[in-house]
Amino acid sequence: MAGPGGAARGRFAVVGGGIAGVTCAEKLAAEFPSEDIFLVTASPVIKAVTNFKQVSKTLEEFDVEEQPSSLLEKRYPNIRVIQSGVKQLKSDEHKIYTEDGKEYIYEKLCLCAGAKPKLIVEGNPYVLGIRDTDSAQAFQKNLAQAERIVVVGNGGIALELVYEIQGCEVIWAIKDKAIGNTFFDAGAAEFLLPKLTAEGQETPIECKRTKYTVEGSEEKGRPTGASDKLGSALGPDWHEGLHLKGTKEFSHKVHIEKLCEVKKIHLQQDFIQLQRTSLTFPKGEKNVEGDEVLWPVYVELTNGKIYGCNFIVSATGVVPNVEPFLDGNNFAVGEDGGLKVDKHMHTSLPDVFAAGDICTAAWEPSPVWHQMRLWTQARQMGWYAAKCMAADALGESIDMDFSFELFAHITKFFNYKVVVLGRYNAQGLGSDHELMLRCTKGHEYVKVVMQNGRMMGAVLIGETDLEETFENLILNQMDLSAYGEDLLNPDIDIEDYFD
């Protein structure tokens, strides 16, 4: 329907073709089959959820597939995909202006524009941000010529990247004491470490030696200038089918620099003028040899060390993509830069909702749920936002969705199944908690977080089959003090107690 001045009118509009936006549009299209649903997206492909499996009450597994938007319109004839970026939102007029000069008037709007990589430095051709499938492919092109790269960041993507790269020296700079800090504690990191040094059983290649050294004894990776063209986030299998192999014929060669960040990045010319010494790849404990090779770019770390490399991968998390929407609109914004939403996914502006990476959960959360910018939460939020918009439009009330009762995420690291539940890293519990561990080297790692005899969180690595039992124990907050250490005794079938 055309409104005044040729603007198209729709009851519902959704901005963003990632998991949150597509899920939201699909749910709205199903609830309102006779209404047009506008889906505004800058990219010609959308991200669709496929092979969805509800593993348990709160755990879900699914694949993410890039599809042409025409497929979405085939599945839901009332979804109208508008392929254009948003230039401006005039929330007081309930109007969106797109880059291609068109206007759309909505009754209810959901912003699902995701997030973009938080780059350590903007506009440097040697710094690649990884956050999406396009950037992983560009990264792969660069890797083919690389002899040494520096990876900065300690989340899931950095972790997988370092594990997958072969034939290239990797200097991995992390600001924490242990690897994989967003998902694990030091214990889980130690459990996974041997996988980094293994002689690449999973992917046999001609390899000489694998090295793995630690200091002490122990998402188009386009040139960053173009990062405004957002891709969608990577999922847990983003590296599959990518041939991550550098120029050298050995498999893993990883050196970790802990508790440090990037202080400065020097291009070759600037570095030569500095007359400082850069380091070779560490071979042993006391190795501080100066490097004779001239590298295209140099990374100076806050611990004083300088390494030369072919390029730097910035895998340091994301920033909510709120820019196009802030101008002229008085959004309440969270500390992490996201649009604040209440427990009905409503922003601070009338008729504007938000879901996925762009939003910040500003309700009082369940004691065992927290927000994390993951695909599972993008899907849940998109689905729930559509329910809330529908209820709002029909004047009905709605209960908070069950998926926000318990934080639950299932993924794969280093080929192990990994399940994290609740406050799996004792987030926000202070020192008032205890940990219980069970670990069989190379097989499984089980950690539970206990507080006052109640289970608050868990990390399960390997095929433990404990996820449903632990999910129930965390949800029903049963007092488990009577079991003591037996809670993790492998000879006791804990499920028998709690059926």
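Points worth noting:
- Counting only Cα atoms, the stretch 353-483 measures 53, 34, 24 Å along its principal axes, largest extent leading.
- Per residue solvent-accessible surface (Å²) - the stretch 1-123, probe of 1.4 Å: 44 Å²
- Scalar couplings 3J(HN,Hα) for the stretch 336-353, obtained by applying the Karplus form with A = 6.51, B = -1.76, C = 1.60 to θ = phi - 60°, are 8, x, x, 6, 5, 10, 8, 6, 10, 6, 8, 6, 7, 9, x, 6, 10, 10 Hz; x denotes Gly and Pro.
- In a simple Cβ point-charge model (Lys, Arg +1; Asp, Glu -1; nothing else charged), the stretch 415-497 has a dipole of about 480 debye relative to its Cα centre.
- Cα gyration tensor shape for the stretch 415-497, rounded if a/c is under 1.5, else prolate or oblate: oblate
- The stretch 451-498 shape via C-alpha gyration tensor axes, a/c threshold 1.5: oblate
- Two-site label geometry, residue 332 and residue 54: point separation in nm, points 7 Å out along Cα→Cβ: 3.2 nm
- Measuring r between the beta carbons of residue 277 and residue 186 and using R0 = 56 Å, the FRET efficiency lands at 0.95.
- Extended-chain gain in nm, criterion 0.36 nm per residue less alpha-carbon gap, residue 463 and residue 399: 19.6 nm
- Carbon/sulfur fraction of accessible area - the stretch 415-497, other protein chains in place, 1.4 Å, %: 43 percent
- Along the axis of the charge dipole computed for the stretch 415-497 (Cβ charges of +1 for Lys and Arg, -1 for Asp and Glu, origin at the Cα centre), the listed residues 487, 424, 439 are led at the positive end by 424.
- Contact order normalised by residue count of the stretch 415-497, Cα under 8 Å, 6+ apart, percent: 28 percent
- Taking each residue as 0.36 nm, the span from residue 293 to residue 481 lengthens on full extension beyond its C-alpha to C-alpha distance by 61.7 nm.
- Karplus 3J(HN,Hα) series, Hz, for the stretch 42-47 with 6.51 cos²θ - 1.76 cosθ + 1.60 (x for Gly, Pro): 6, 9, x, 10, 10, 9
- Summary of packing: across the peptides 313-319, 93-99, the per-residue average of other C-beta atoms within 10 Å ranks them, highest first, as 313-319, 93-99.
- Three-way shape label, the stretch 110-197, alpha-carbon gyration tensor, a/c 1.5: oblate
The values are calculated or read from the model by the stated rules, or taken from the named source; none is laboratory data. Owing to the predicted nature of the structure, the values given are computational and were not obtained by experimental measurement. Using ideal geometry, Cβ is built from the backbone for each residue, glycine included, and neighbour counts are taken over all protein chains shown. We work out accessible area using only protein heavy atoms, side chains counted, and drop any ligands, DNA or RNA first. Shrake-Rupley method; radii C 1.70, N 1.55, O 1.52, S 1.80 Å.
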